[in-house]
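Asks: Structure provided below as structure tokens; questions to follow.
The values are calculated or read from the model by the stated rules, or taken from the named source; none is laboratory data. Quantities reported herein were computed from a predicted structural model and do not represent experimental measurements. Methodologically, a virtual Cβ is constructed for each residue, glycine included, from the backbone with ideal geometry; neighbour enumeration extends over all protein chains shown.
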Amino acid sequence: MDLKTKNQITDGYVVALASGESHVLAATVQGQKSGVHIIDTRELRSTQMMGGQVTDAAFCDATLMLSTADGCVRHWDLREKSPSTLFTVEKSVRCVAVDSQQRWCACGVGADIHVYDKVAGKRLCVHDEAHSMPISRLKFRQDELVSSGEDGLLCVLDMDRCMEFNKHDDAALRVVMHTENDVRTFGFLGESEAVAYTVSVTEELGFWSVDQRRPGKCGHFPNLRMDEHLMIEERGGYVVDLFYGSGCAQALCGDMDGGLAIFDVNLEKTHFKVALRDGHSSVVRGAVRLGDSFVTGAEDGLLCLWSPSASGKRKRT
């Protein structure tokens, strides 16, 4: 992988990235000011910006859903200049997800899952049986909603049954697995999305079958952060995220000085593939894939675009 472009979009931190089909969102913090930027992926420049403490973002086509610390979920058609408020809850919303057909919007409010009709902005149900501690991430998987939390649980909710039963009934829970660690983020592998990966707050990488016929752990790498390619003196590294494509998974990991490394990963082992240098000088907080390329954002305020093509000159803006 080669560094193709990098650009300073803030004098503060880039704390998170999210991507849609043709857009990248970067969340930034500078002092007491927070905001989100819509990024031109060719030049890595901010084309639109909104202030406010955004806690999570979910893309669906050209639509962006934003959750905020002041208890709002905002809908942003990126053809418009600014987002509109879809609904407001009484507490801070930590995470948000929207299904591929844009019927449902789910958000994590403490340990509860609130599900809304995305078009009407009407709350359909509240599920409070899945987690006992705050929910960290939500993702839709077909007609299911998968959640992770600080309690270490990875849960799968049947959305149709969730609508039918009382909020205090756990009949909608298809799968509940204990990962034994606070889950920072998760995603899915393969077209069927039958396997989920998790990254814990202690940088452990795990793989889990979320198929209700055979749920459970199917891979675990607790010490990837201590690989020699990630060590700076006695300090270990961290897992940024996992990418899946062409039948294989790759873990993007970082060291404390901004260096990056890619590892090929399967359910049984990891293998160092390549080091990525000359990009960042501080901890990388997020990465999103754009076809065969990907963008990273870090605490140095930079966005970097990495590409597998070895031709062409590197560009710095």
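Asks: Please pick out the residue among Asp257, Asp241, Asp227 that is closer than 14 Å to Val284 by Cα, surrounded by fewer than 20 Cβ atoms within 10 Å (Cβ to Cβ), at pLDDT 95 or above and of a type in the set (Asp, Glu).
Replies: Selected residue: Asp257, the only one of Asp257, Asp241, Asp227 that is closer than 14 Å to Val284 by Cα, surrounded by fewer than 20 Cβ atoms within 10 Å (Cβ to Cβ), at pLDDT 95 or above and of a type in the set (Asp, Glu).
Every residue, every condition in (1) polar (S, T, N, Q); (2) within 21 Å of Ser282 (Cβ to Cβ); (3) surrounded by 15 or more Cβ atoms within 10 Å (Cβ to Cβ); (4) touching a Pro at 6+ places or on another chain (Cβ under 6 Å), yes or no:
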residue: Tyr13; (1), (2), (3), (4): no, yes, yes, no
residue: Ser19; (1), (2), (3), (4): yes, no, yes, no
residue: Ala27; (1), (2), (3), (4): no, yes, yes, no
residue: Gln30; (1), (2), (3), (4): yes, yes, no, no
residue: Arg42; (1), (2), (3), (4): no, no, no, no
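Asks: I would also like to ask the following. Is it true that some residue in segment 284-301 is in contact with a Pro (Cβ under 8 Å, 6 or more places away or on another chain), part of a strand (DSSP E or B) and either of a type in the set (A, V, I, L, M) or modelled with pLDDT under 95 (or both)?
Replies: yes
Asks: Here is a further query. Hey, can you tell me all the residues within segment 54-69 that are under 18 Å from Arg137 (Cβ atoms) and either crowded, with 16+ Cβ neighbours inside 10 Å or among the charged types (D, E, K, R) (or both)?
Replies: Val54, Thr55, Asp56, Ala57, Ala58, Phe59, Cys60, Leu64, Met65, Leu66, Ser67, Thr68, listed by residue number.
Asks: Go through segment 89-117 and give me each residue that's assigned to a strand (DSSP E or B) and in contact with a Pro (Cβ under 8 Å, 6 or more places away or on another chain).
Replies: Correct list: Gly108 only.
Asks: If you don't mind, another one. What single numbered condition from (1) crowded, with 19+ Cβ neighbours inside 10 Å; (2) of a type in the set (A, V, I, L, M, F, W, C); (3) without any contact (Cβ under 8 Å) to a residue 60 or more places away in the chain fails to hold for Met163?
Replies: The single condition Met163 does not satisfy is (1).
Asks: Output the qualifying pairs, or none if there are none: Cβ atoms under 7 angstrom, residues six or more apart or on different chains, first residue in segment 281-304 and among the aromatic types (Phe, Trp, Tyr), second residue in a strand (DSSP E or B).
Replies: These pairs meet every condition: Phe294/Phe243; Phe294/Ala287; Phe294/Val288; Phe294/Trp306.
Asks: Right, something else. Read through the list (1) in contact with a helix residue (DSSP H, G or I) (Cβ under 8 Å, 6 or more places away or on another chain); (2) surrounded by 21 or more Cβ atoms within 10 Å (Cβ to Cβ), then give the number of the only condition that Gly236 fails.
Replies: With (1) in contact with a helix residue (DSSP H, G or I) (Cβ under 8 Å, 6 or more places away or on another chain); (2) surrounded by 21 or more Cβ atoms within 10 Å (Cβ to Cβ) applied to Gly236, the lone miss is (2).
Asks: Of the conditions (1) in a strand (DSSP E or B); (2) within 21 Å of the chain's Cα centre (by Cα); (3) farther than 29 Å from Val175 by Cα, Ala251 satisfies every one except a single condition; which number is it?
Replies: (3)
Asks: Another question, then. With among the hydrophobic types (A, V, I, L, M, F, W, C) and in the same structural domain as Pro308 (by TED's automatic domain parsing) as the only criterion, which of Leu276, Leu230, Leu205 stands out?
Replies: Only one candidate qualifies: Leu276.
Asks: For Thr47, indicate whether it is touching an Asp or Glu at 6+ places or on another chain (Cβ under 6 Å) and either buried (at least 21 other Cβ atoms within 10 Å of the Cβ) or hydroxyl-bearing (Ser, Thr, Tyr) (or both).
Replies: The answer is yes for Thr47.
Asks: In a loop (DSSP other than H, G, I, E, B) and either more than 23 Å from Trp76 (Cα to Cα) or among the aromatic types (Phe, Trp, Tyr) (or both): does that describe Asp160?
Replies: Spelling it out, it is not the case that Asp160 is in a loop (DSSP other than H, G, I, E, B) and either more than 23 Å from Trp76 (Cα to Cα) or among the aromatic types (Phe, Trp, Tyr) (or both).
Asks: While we're here: Could you tell me whether Ala120 is free of Cβ contacts under 8 Å to residues at least 40 places away in the same chain, of a type in the set (Gly, Ala, Ser), out of contact with any strand residue (DSSP E or B) (no Cβ under 7 Å at 6 or more places or on another chain) and farther than 22 Å from Val93 by Cβ?
Replies: The answer is no for Ala120.
Asks: What's the total number of residues in segment 70-88 that are outside any strand (DSSP E or B), surrounded by 14 or more Cβ atoms within 10 Å (Cβ to Cβ) and at pLDDT 85 or above?
Replies: Matching residues across segment 70-88 total 1.
Asks: For residues in segment 179-238 being of a type in the set (Gly, Ala, Ser) and assigned to a loop (DSSP other than H, G, I, E, B), which is nearest to Leu252 (Cα to Cα)?
Replies: Ranking the qualifying residues of segment 179-238, first place goes to Gly237.
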